[in-house]
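Asks: Before I ask anything, let me first share the structure, which is written out below as structure tokens.
Values in this text are rule-based calculations from the coordinates and carry no lab data. Please read these numbers as outputs of a predicted model, since none were measured by experiment. Here the Cβ positions follow ideal geometry from the backbone for every residue, glycine too, while neighbour counts run over all protein chains shown.
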2 protein chains.
Amino acid sequence: MSGLPEIPDATVARLPIYRRSLVQLISSGESTASSADLADLAGVNAAKVRKDLSYLGTYGVRGVGYDAEMLLIQIDRALGLEFETPVVIVGMGNLGQALAHYGGFQSKGFPIVALVDASDDKVGQEIDGLTVSHFDDLARTVSENGISVGIIATPADAAQKVCDALVDAGVRSILTFAPTVLQLPDSVPVRKVDLATELQILGYYQQREGGEDAETA
Amino acid sequence: MSGLPEIPDATVARLPIYRRSLVQLISSGESTASSADLADLAGVNAAKVRKDLSYLGTYGVRGVGYDAEMLLIQIDRALGLEFETPVVIVGMGNLGQALAHYGGFQSKGFPIVALVDASDDKVGQEIDGLTVSHFDDLARTVSENGISVGIIATPADAAQKVCDALVDAGVRSILTFAPTVLQLPDSVPVRKVDLATELQILGYYQQREGGEDAETA
DNA sequence: ATTCTCTTGTGCATTGGTGCACAAGCAGTA
DNA sequence: TACTGCTTGTGCACCAATGCACAAGAGAAT
Ligand SMILES: NC(=O)c1ccc[n+]([C@@H]2O[C@H](COP(=O)([O-])OP(=O)(O)OC[C@H]3O[C@@H](n4cnc5c(N)ncnc54)[C@H](O)[C@@H]3O)[C@@H](O)[C@H]2O)c1
Ligand SMILES: NC(=O)c1ccc[n+]([C@@H]2O[C@H](COP(=O)([O-])OP(=O)(O)OC[C@H]3O[C@@H](n4cnc5c(N)ncnc54)[C@H](O)[C@@H]3O)[C@@H](O)[C@H]2O)c1
């Protein structure tokens, strides 16, 4: 579809960090950003920054750096952030409600436009200006609102069912908090956030305290 | 300290998934687990499972598989899960409160034993059986409770300060939700969970919808 | 004892990621 | 125009991770 040249996974995972760093530089008045500046703010090697950015095209100027505004536009284009991406949260328990209240998604281009739960306790309730709708109406909720991202915040044992329903409803990518492996078509990308897993990973490095790092990929 | 042979990062990140799969097999009555079983539940390649587990030692039996209970013990030993690891949450806003209410940490060996905030609105409040203590008392809170993990759930601009305070207080590893790069000594491992970043990564893969995967590392 | 079946453990080739080091090239100055 | 200072873009060598493929070994059956 897009004529872009295929960006390595490791690079894609860093683009949002560069973006954040860049926004920071811009808001502090800089109009150009060098790879060294970005490397510093992003906590990585400057050569890596340059190689990563080179996948977007040749937007740097030797001897000067990158034009900050231009680079931001290019990163946004690569990440598909030119347009807003509406999100639905499924599962309005502890976590789902915290996510619904969080303003950070809206401001980053991912407005939360619908909330869904299966429990009668939750359905109909108003949370942060949105009325919780029923899981059975998911397909309609998704299509009516043009939703393309689904966030799963249900217990693990409901996650696969919710996942299937989201895919059927036409959601194009999924972010899950449920600690379980989801089965889904290759055409729908998933990211998993599992907090207990993160703590367990820390346990390993903490145990052999003494230096090795534990970078989040 | 431990005479263990140094486990690759990629393997460490998968051990918690194997652990979860193993617990699942055990609770469904299995007493042995083959690499194929585990691979299936964990959503990875069977050869990878075997190579990963081989870093723990030689606990499999050819023709049979792994003794489930024994393997669980070995994974727990590698991850330092033999003993409970007390946790403090700093920042009792939306997210901090959701985390405090979540029972999953306790049951996975990471009891939340203290809650901290800097705002007078929050300090003194009781949440889930714990009284929120003041940020200025962090050092005492950490040492009195033998806390070794700190979770940062404050806004990004307070995160570095909180991080420094946690390290000074003697915390041995950190999990942060603040969307910012933290500066801290190599001896203290960190893991970062950044939800906006996750959504942006999904944006890339969604844009070039058509097959490439987007595995969480 | 021999054979057959099943599963581990690992050697090896391949792929992906990292970072050093340097030539290429722009801007500003004289 | 020629020179200087700075920063990009990338070739290259290294290291980590992946997964195929197979020999080695365990147990069951005959
Ligand atoms: N709360 C946390 O801080 C936290 C931390 C780490 C992981 N998690 C994970 O996040 C998930 C949610 O956690 P939580 O604490 O919010 O749980 P919760 O029990 O508070 O909320 C779960 C919600 O999902 C709803 N639900 C159940 N089945 C559903 C279905 N089929 N369709 C729609 N909604 C359904 C329930 O009605 C409930 O409102 C869990 O998988 C949990 O393991 C939560
Ligand atoms: N809520 C979410 O769903 C969500 C999602 C993604 C990321 N995050 C990130 O998690 C962090 C917390 O988000 P939130 O929505 O809970 O924010 P919040 O504003 O609701 O809560 C922040 C809390 O931190 C406290 N605080 C501020 N400075 C402090 C300090 N120095 N020491 C101790 N406490 C301090 C505040 O008093 C407040 O109670 C933010 O960095 C946010 O970007 C939150």
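Asks: Label-point separation (nm) for B:Ala47 and B:Arg77, each offset 7 Å from Cα along Cα-to-Cβ?
Replies: 2.8
Asks: Starting from 0.36 nm per residue, how many nanometres of slack lie between A:His134 and A:Ser28 once their C-alpha separation is accounted for?
Replies: Values: separation 106, 0.36 × 106 = 38.16 nm, distance 4.49 nm.
So the extension gain works out to 33.7 nm.
Asks: Among A:Ala13, A:Ser35, A:Thr85, pick out the residue whose Cα is farthest towards the positive end of the charge dipole of chain A, where Lys and Arg carry +1 and Asp and Glu carry -1 on C-beta, about the Cα centre.
Replies: A:Ser35
Asks: Another question about this same structure. Segment A:73-113 to segment A:8-72: how many Å between their Cα centroids?
Replies: 23
Asks: Hey, rough spin-label estimate for B:His101 and A:Asn145, points 7 angstrom out along Cα→Cβ, what's it come to in nanometres?
Replies: 1.9
Asks: B:Glu69 to A:Arg62: FRET efficiency via 1/(1 + (r/R0)^6), r the Cβ-Cβ distance, R0 45 Å, to the nearest 0.05? Mind dumping the intermediate values first?
Replies: Values: r = 62 Å, r/R0 = 1.37.
In this case the efficiency is close to 0.15.
Asks: Determine, from the Cβ-Cβ distance of B:Glu126 and A:Ala158 and an R0 of 30 Å, the FRET efficiency 1/(1 + (r/R0)^6), rounded to the nearest 0.05.
Replies: Computed FRET efficiency for B:Glu126 and A:Ala158: 0.50.
Asks: Would you mind listing the distances between the B:Gln160 label point and the same position in each other copy? Use 7 Å along Cα-to-C-beta, nm, one decimal, shortest first.
Replies: In ascending order, 4.6 nm.
Asks: Compute the Cα gyration tensor for the protein assembly as shown, then decide on rounded, prolate or oblate, letting a ≥ b ≥ c be the square roots of its eigenvalues: rounded whenever a/c is under 1.5, prolate when a/b is larger than b/c in the other cases, and oblate in all that remain.
Replies: Because its axes are fairly even, with a/c under 1.5, the protein assembly as shown counts as rounded.
Asks: What do you get for chymotrypsin sites (Phe, Trp or Tyr not before Pro) in segment A:1-90 restricted to DSSP loop and a cutoff of at most 13 other Cβ within 10 Å of the site's Cβ?
Replies: Listed in order of number, the matching sites are A:Phe83.
Asks: Using the reciprocal of the averaged 1/r over all distinct C-alpha pairs, how large is the Kirkwood radius of segment A:81-182 in Å?
Replies: 13.3
Asks: Placing a label point 7 Å from Cα toward Cβ, how far apart in nm is A:Glu84 from its equivalents in the other copies, listed shortest first to one decimal?
Replies: Going from nearest to farthest copy, the values are 4.6 nm.
Asks: Ratio to report: Rg/Rh of chain B, with Cα atoms as the point set and Rh obtained by the Kirkwood method; give two decimals.
Replies: Here Rg/Rh amounts to 1.02.
Asks: Something else about it: I'd like the Karplus ³J(HN,Hα) series for segment B:176-181: coefficients 6.51, -1.76, 1.60, θ = phi - 60°, whole numbers in Hz, and an x wherever there's a Gly or Pro.
Replies: 10, 9, 6, x, 7, 7
Asks: So, one more: Between B:Glu126 and the same site in the other copies, what are the distances in nm, shortest first, taking label points 7 Å from Cα along the C-beta direction?
Replies: Nearest first, the other copies' label points are 3.2 nm away.
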